[in-house]
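Everything below concerns the one structure shown next.
The values are calculated or read from the model by the stated rules, or taken from the named source; none is laboratory data. For clarity, every value in this text was computed on a predicted model and none was experimentally measured. Counting neighbours? That spans all protein chains shown, and the Cβs are built from the backbone with ideal geometry, glycine included. With ligands, DNA and RNA removed, areas are computed over all heavy atoms of the protein, side chains included. Shrake-Rupley method; radii C 1.70, N 1.55, O 1.52, S 1.80 Å.
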Amino acid sequence: MSQGDLLTEFDFGPRGRLALYTNRVVLHGADAMETVPLAHLASVRVAFEREPSKLNWAVALLVVALILALVSRPLQDWMLELAGKVATSGGRESLETALFSIFTALGRLARLLFPFAMLLAAGAVALLVFFWLGLTTLTLSFAATERTYPVRGRNRLLEQFAEAVAEQLSAPRGRSGT
């Protein structure tokens, strides 16, 4: 295989870089290198996609967060009211103490539901951000397999790299190194 000239490259940052030569594509990773001759490459695809599962999870988390936030205060008030009734009522002392402790603990637990709901809402917002950013994915297809190289967000440089690979694929096979 001849050296060929470097036509273009795409940098993935710490994950490595893809380099297109006149006769091959080379992935230079942090601890590995892979060379694919263009003759073995069947097609190249680049697409910007949003992951609907991230949106689904974000909506579900927001619904759960809203329910927890709405239930937190009434549940806390109810448990503290029950604890107050137990404290003022007469009866066996050990049962009163146990019920008072249980209702007080449940009231304190209900107080934690609102901060937990806020954490869930923050996680949902993060998922919404990742959904909105989406992925630009370069897919190199071979006869029996394919390699995908995803990048967060809409990445025009990866699209340009894919166009350069497609141009090399569509170039006549007789010329090498020009």
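For segment 40-178, give the percent of accessible area contributed by carbon and sulfur heavy atoms, probe 1.4 Å, rounded to a whole number.
Values: 5880 of 8940 Å².
Result for segment 40-178: 66 percent of the exposed heavy-atom area is carbon or sulfur.
Sorting MET33, MET79 on solvent-accessible area from highest to lowest, probe radius 1.4 Å, gives MET33, MET79.
For the chain, the relative contact order is 30 percent, taking Cα pairs closer than 8 Å that sit 6 or more residues apart in sequence and dividing their mean separation by the residue count.
Couplings for segment 31-48, taken from phi via the Karplus curve 6.51 cos²θ - 1.76 cosθ + 1.60 with θ = phi - 60°, read 9, 8, 9, 10, 10, 10, x, 4, 5, 8, 8, 8, 7, 10, 9, 10, 8, 9 Hz in order; Gly and Pro are left as x.
Note on SER53 and VAL129: their simple-model spin labels are 2.1 nm apart, each label 7 Å out from Cα toward Cβ.
In the chain, the DSSP-assigned H stretches of four residues or longer account for a calculated mean residue ellipticity at 222 nm of -19000 deg cm²/dmol, using -39500 (n - 2.57) per stretch and the full residue count as denominator. Multiplying the residue separation of ASP77 and GLU96 by 0.36 nm and subtracting their alpha-carbon distance yields 5.0 nm. Sites listed here are trypsin sites (Lys or Arg not before Pro) in segment 6-83 whose DSSP assignment is loop and whose Cβ has at most 15 other Cβ atoms within 10 Å: ARG50.
A cut-off of 5 Å between modelled amide H atoms, ignoring neighbours fewer than 5 places along the same chain, links ASN155 with THR136. Computed from the C-beta positions of ALA30 and LEU112 and an R0 of 30 Å, the FRET efficiency is 0.10 to the nearest 0.05.
First check a/c for segment 123-170, with a ≥ b ≥ c the square roots of the eigenvalues of its C-alpha gyration tensor; if it is under 1.5, answer rounded, and if not, answer prolate when a/b is larger than b/c or oblate otherwise. The shape class here is oblate.
At 1.4 Å probe radius, can you tell me the per residue accessible area of the chain in Å²? Could you put the intermediate results ahead of the total?
Details: 11150 Å² over 178 residues.
Per residue, the chain has 63 Å² of solvent-accessible surface.
Calculated on the alpha-carbon coordinates, the convex hull of segment 1-74 measures out at 146 cubic angstrom per residue.
Sorting the Cα pairs of the chain by distance into bins of 5 Å, from 0 upward, gives 1, 8, 11, 11, 10, 8, 6, 6, 6, 5, 5, 5, 4, 4, 4, 3, 2, 1, 0, 0 percent per bin. Highest mobility in the GNM of the chain, judged by mean-square fluctuation with C-alpha springs under 10 Å and restricted to LEU18, LEU99, LEU128, is found for LEU99. Taking the C-alpha atoms only, the angle from helix 93-133 to the longest principal axis of the chain is near 20 degrees.
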